[in-house]
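Just passing along the structure, written as structure tokens.
The values are calculated or read from the model by the stated rules, or taken from the named source; none is laboratory data. The shown structure was predicted, so the numbers you read here are calculated from the model rather than taken from an experiment. A quick note on method: Cβ atoms are made from the backbone with ideal geometry, for glycine too, and the neighbour counts reach across all protein chains shown. Accessible surface areas use protein heavy atoms only, side chains included; no ligands, DNA or RNA. Shrake-Rupley method; radii C 1.70, N 1.55, O 1.52, S 1.80 Å.
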Amino acid sequence: MPEGDDVRTRLLGAIPRLTPTGLRVAQVIRDDPAAAAQLTVSELAERASTSTSAVVRLSKALGYEGYPQLRLALAATSKDDGSPVFATDIAGDDSLSKVLHKLTAFETEGMVATADLADPATMAAVVDALVHARRVELIGIGASGLVAMDMAQKLTRIGMWCGACTSEDDALVQASLLEAGDVIIAFSHSGETAAIIDAVDRAVGRHTTTVAVTAGAQSRLARAAAHTVLVAGREDGFRSAAMASRMSQLLIVDALYIGVLQRTPAAAIALRRTYDAVADRRIPRGNRKAP
């Protein structure tokens, strides 16, 4: 992966867990990486209204030895065509056409960063757990609940026994009924939703395989789950966490789903049968073939 793309991915992945001072430094860097690369540590700290130690802490939070290494990575983000390295924030007076193009840039940015963040070994382990699962439970609240429902619909179509819980009570109830050999996948952008964490803790107590899909690498959910799949997505002004996380989470859902299909011949057969069953409804009754 090119160094310029690497610093962008690291920054987008770190934003959900940064302190307020770290966020101010990240904002300066994100607004103009090439200009930030020209600043000394003292100048960057002054621009972000913080201390030099905050700049150094951010550098280390991003995985660099110190600010000199971060500065070199930032210098590599400059593009010959002059296009922005990070998607531009939505302004209050933007036209709907401009909003649409900025949202496209945001979603593309988040999904590319998510693909870079996702650990192949972790993804493979989750797919393996799903392939051998007796039962799969998907849990999420709010927008993450929509993602859980999407994955449940996909897995149901290929003959897997699974369900989606989108309320706190349901998540806790279903988690308490899981057993060894089952899998629970918890979706939470922050990784700090109390009911989701409680449900995962209950599943751990039941010896269930637990998976977290979150932007919070150091969150309580990430620490509780056996496997953590990281997603990227940043909040800015008019974009809530729900918008920031949804597409990146759905990308992970699609990747896991395809991984299961590739490993399970019976799943491909089930998908064909369910597709034919739905398609058959569109054919006039007198023209349908007997099964």
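Taking the stated definitions as given, is R134 basic (K, R), more than 18 Å from A226 (Cβ to Cβ) and either in the same structural domain as L261 (by the TED database) or out of contact with any strand residue (DSSP E or B) (no Cβ under 7 Å at 6 or more places or on another chain) (or both)? Step through it out loud before you land on a result.
Values: basic (K, R): yes; more than 18 Å from A226 (Cβ to Cβ): no; either in the same structural domain as L261 (by the TED database) or out of contact with any strand residue (DSSP E or B) (no Cβ under 7 Å at 6 or more places or on another chain) (or both): yes.
The answer is no for R134.
Would you check if there is a residue in region 251-259 being modelled with pLDDT under 90 and either at positive phi or of a type in the set (F, W, Y) (or both)? If you could, list the steps in order and put the result at the bottom.
Initially, region 251-259 is screened for residues modelled with pLDDT under 90, giving none.
Taking every residue of region 251-259 in turn, none turns out to be modelled with pLDDT under 90 and either at positive phi or of a type in the set (F, W, Y) (or both).
Name the one entry in A91, A76, A87 that is at pLDDT below 80 and farther than 17 Å from D6 by Cα.
Working: A76 fails: farther than 17 Å from D6 by Cα; A87 fails: farther than 17 Å from D6 by Cα.
Going through A91, A76, A87 in turn, the sole match is A91.
Would you mention how many residues in region 145-169 are more than 15 Å from Y257 (Cβ to Cβ), in contact (Cβ under 8 Å) with a residue 40 or more places away in the chain and crowded, with 19+ Cβ neighbours inside 10 Å?
So in region 145-169, the residues more than 15 Å from Y257 (Cβ to Cβ) come out as 145-146, 161, 163, 165-169.
Narrowing further to those that are in contact (Cβ under 8 Å) with a residue 40 or more places away in the chain: 145-146.
Still in the running and crowded, with 19+ Cβ neighbours inside 10 Å: 145.
The number of residues fulfilling the criteria is 1.
Continuing with this model, one more query. Among the residues of region 118-126, is there at least one that is under 30 Å from T9 (Cβ atoms), assigned by the TED database to the domain that holds T228, free of Cβ contacts under 8 Å to residues at least 60 places away in the same chain and surrounded by fewer than 17 Cβ atoms within 10 Å (Cβ to Cβ)?
Filtering region 118-126 for residues under 30 Å from T9 (Cβ atoms) gives 118-126.
From the residues that got through so far, the ones that are assigned by the TED database to the domain that holds T228 too are 118-126.
Filter once more, keeping what is free of Cβ contacts under 8 Å to residues at least 60 places away in the same chain: 120-121.
Still in the running and surrounded by fewer than 17 Cβ atoms within 10 Å (Cβ to Cβ): 120-121.
Within region 118-126, one or more residues are under 30 Å from T9 (Cβ atoms), assigned by the TED database to the domain that holds T228, free of Cβ contacts under 8 Å to residues at least 60 places away in the same chain and surrounded by fewer than 17 Cβ atoms within 10 Å (Cβ to Cβ).
Given the structure, is A14 at pLDDT below 90 and over 23 Å from T114 (Cα atoms)? If you could, list the steps in order and put the result at the bottom.
Details: at pLDDT below 90: yes; over 23 Å from T114 (Cα atoms): no.
When the stated conditions are applied, A14 does not pass them.
Another question, if that's okay. Going residue by residue through region 208-231, is there one that turns out to be within 19 Å of Y257 (Cα to Cα), open to solvent by 10 Å² or more (accessible area, probe 1.4 Å) and in contact with a Leu (Cβ under 7 Å, 6 or more places away or on another chain)?
Within region 208-231, one or more residues are within 19 Å of Y257 (Cα to Cα), open to solvent by 10 Å² or more (accessible area, probe 1.4 Å) and in contact with a Leu (Cβ under 7 Å, 6 or more places away or on another chain).
Can you name the residue in region 58-73 that is hydrophobic (A, V, I, L, M, F, W, C) and more than 14 Å from D6 (Cβ to Cβ) and is also most open to solvent (accessible area, probe 1.4 Å) among such residues?
Per the criteria, the residue is A61.
Listed here are the residues, each with its yes/no results for (1) within 14 Å of A73 (Cβ to Cβ); (2) buried (at least 20 other Cβ atoms within 10 Å of the Cβ).
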{"position": "D6", "(1), (2)": "yes, no"}
{"position": "L18", "(1), (2)": "no, no"}
{"position": "T21", "(1), (2)": "no, no"}
{"position": "R24", "(1), (2)": "no, no"}
{"position": "R30", "(1), (2)": "yes, yes"}
